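S.K.: This structure is in structure tokens; I'll ask about it shortly.
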Amino acid sequence: MKNSLITLKLSVVLLAAVLTLGIFIPTSFVHADAPDYIEGDVMGEKDKSIKDSKSKSKAKFKKSEISIDNGEITIDGKVKYNNEKLNISLDGKILPIEKGEEGDRVLFGDLTVNSGSENLKFLQLKVDKYYKNNKASINILLEHKNTNEVLVFQIEIKEDIFDNLSQAAQTNADSLSKEQLSQKIIELDRAQRNKRSSLPELEDTFEDSASSDEFTTMDTDISYVSRSELRRLISDLESAGYYTWLDYSNYSLPQDLVSTEGNFKNVSGNNRLYGNGYKDAYGAYLVGISTVDVNSYSYTSPKRVVLQHTLRDAVTVKYDPGTNKVKLYKKQRGIKFDDIDIALGKLDDDNVFTNHNPNGQLNKPTSSTPYAAKMLLSLVPYGGTVSSVWDYLQSLESKPTMSLGQTYYYASDIEEQKTENDGDVIRNISSGSNDLYMGIPGDYFNLKGEVSDYYSNGYTWSWGWNFTYKPNF
């Protein structure tokens, strides 16, 4: 967009309350049928969707002005809500939901309230390329603090005006990293009506052995999710595109998959699903979902144990509880797994680890982030025992980090290790992802270790992994 101030009058969509708005743009864009006021919608009960919570209240946003200048937006609004006269003044920047071409479909205003009536709260400014009837629109949400009713004002704009705003929004996003932009958009989309809480970042700890699968978590368990049915939904959503709603009842999937707030999971053997959901300003749920396969292997020649975690599926959807319909929000983005630690061990008797090999396909948050894993081991006095794969772990002093795919070798049997380590032997090994993370289907992280079974009496082993997870949309 050019640096000169762009002003024009926009056509308007009439809803259920009344709002007038004058945005000034060049004369060629003015709609001759633009009314003197704009009608808005008034939402009542906050837990219902916009389609299911109509109020009898009336509201006007009369003779207001929106100024757009090179991605900066200023709003001076005068609102009449029932018999009450209110005003609000806002300014700030327009941002895309993500960088690149797919971020152009929805924009948000990162706005600051400069002044206004005490009873009026700004919730959200959203610019949608195809909000209704395949037309672009600016949508403004305000809340009356005494009644908790939300005033929704929608203003149609021509697509070329949206394109200009989108270009400016992408420029504004250049100053933010992908993660900073993602976190900002989540905050703006939530537009919480009472308080804005920080996004959860929860940690799960798993430890497995041949006979048990024990874990402690701080998230919500949801109902069983069929992996094949989830993949059918994802395939249909991607085929339908970003603007088509699908009937969720056509899929044999649990309701809590798309209507749980906060972090949640469903664990079924080696198949694990993780998700995060929150309500947007309209009462719809935005839900990120990812599935992970957890596979452990042991080999006899050479004796080697392996643990691998692979991200298989990822999607973010929008779910409207009022219509029981769902649509695509982001492809191949659901949950981000970081601070990943994998451990192998609980070896006993004359069994020790003789090498250490972390590998994977992970993502770097910045181009300068080292593509390397942490290296840890447990040195335990011979004859001593470890009760967990996490016991006595310490950084490998000679090699605290190692590039993914490389192998570090220890002494080749238990007698050599006792000599080399003053009687201690290596019972556990561990590697961590450092600043690298799993977030895209096909990403994986694994750890391999060879075992010296000195007297060939066989061995048992266990594995564990720690991680944090949060939305990756």
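Bear in mind these aren't lab numbers, they're just calculated from the coordinates by the rules spelled out. As the structure is a prediction and not an experimental result, all values here were calculated from the model. Positions of Cβ are backbone-derived with ideal geometry, glycine not excepted, and every protein chain shown enters the neighbour counts.
S.K.: Evaluate the distance, in nm, between pseudo-label points positioned 7 Å from the Cα of Ser226 and of Asn271 along their respective Cα→Cβ axes.
M.R.: The answer from the label model is 1.0 nm.
S.K.: Okay, moving on. Kirkwood Rh and Cα-based Rg: tell me the resulting Rg over Rh for segment 311-444, rounded to two decimals.
M.R.: 1.17
S.K.: Stretched out fully, how many nm does the piece from Asp339 to Gln255 gain, at 0.36 nm a residue minus the Cα gap?
M.R.: Full-extension gain reported as 27.2 nm.
S.K.: Want the number for Asp348 to Ser67: 0.36 nm per residue separation, take away the alpha-carbon distance, what's left?
M.R.: Once the chain is fully extended between Asp348 and Ser67, it gains 94.0 nm.
S.K.: Further, regarding this structure: For the peptides 339-352, 235-248, what is the packing order when you average, over each peptide's residues, the other Cβ atoms within 10 Å and list the highest mean first?
M.R.: On the way: 339-352: 22.9, 235-248: 14.3.
Ranking the peptides 339-352, 235-248 by packing returns 339-352, 235-248.
S.K.: Please get the size of the charge dipole for segment 202-471, origin at its Cα centre, with Cβ charges of +1 on Lys and Arg and -1 on Asp and Glu, quoted in debye to the nearest 20.
M.R.: The calculated dipole for segment 202-471 is roughly 1340 debye.
S.K.: Taking every pair of alpha-carbon atoms in segment 426-473, what share in percent sits in each 5 Å bin, from 0 to the bin with the longest distance?
M.R.: All Cα pairs, binned at 5 Å, distribute as 4, 12, 23, 19, 13, 10, 8, 6, 3, 1, 0 percent.
S.K.: So for the pair Glu187, Asp391, with labels modelled 7 Å out along Cα→Cβ, what separation do we get in nm?
M.R.: If labels sit at Glu187 and Asp391, their model points lie 4.5 nm apart.
S.K.: A further question on this structure: Packing-wise, with mean Cβ within 10 Å as the measure, how do 311-318, 292-299 rank, highest first? Each step should come with its number before you reach the end.
M.R.: Numbers: 311-318: 23.2, 292-299: 15.5.
Answer by packing, highest mean first, reads 311-318, 292-299.
S.K.: For a 19 Å ceiling on Cα separation, which of these pairs sit above it: Lys78/Lys279; Lys184/Lys336; Lys158/Lys184; Lys279/Lys470?
M.R.: As for pairs spanning more than 19 Å Cα to Cα, those are Lys78/Lys279; Lys158/Lys184.
S.K.: Measuring from the lowest to the highest alpha carbon on each principal axis, how far does segment 202-471 reach, largest first, in angstroms?
M.R.: Cα extents, longest axis first: 70, 42, 31 Å.
S.K.: Defining a contact as two alpha carbons under 8 Å apart and six or more residues distant in sequence, what relative contact order in percent does segment 202-471 show?
M.R.: 25 percent
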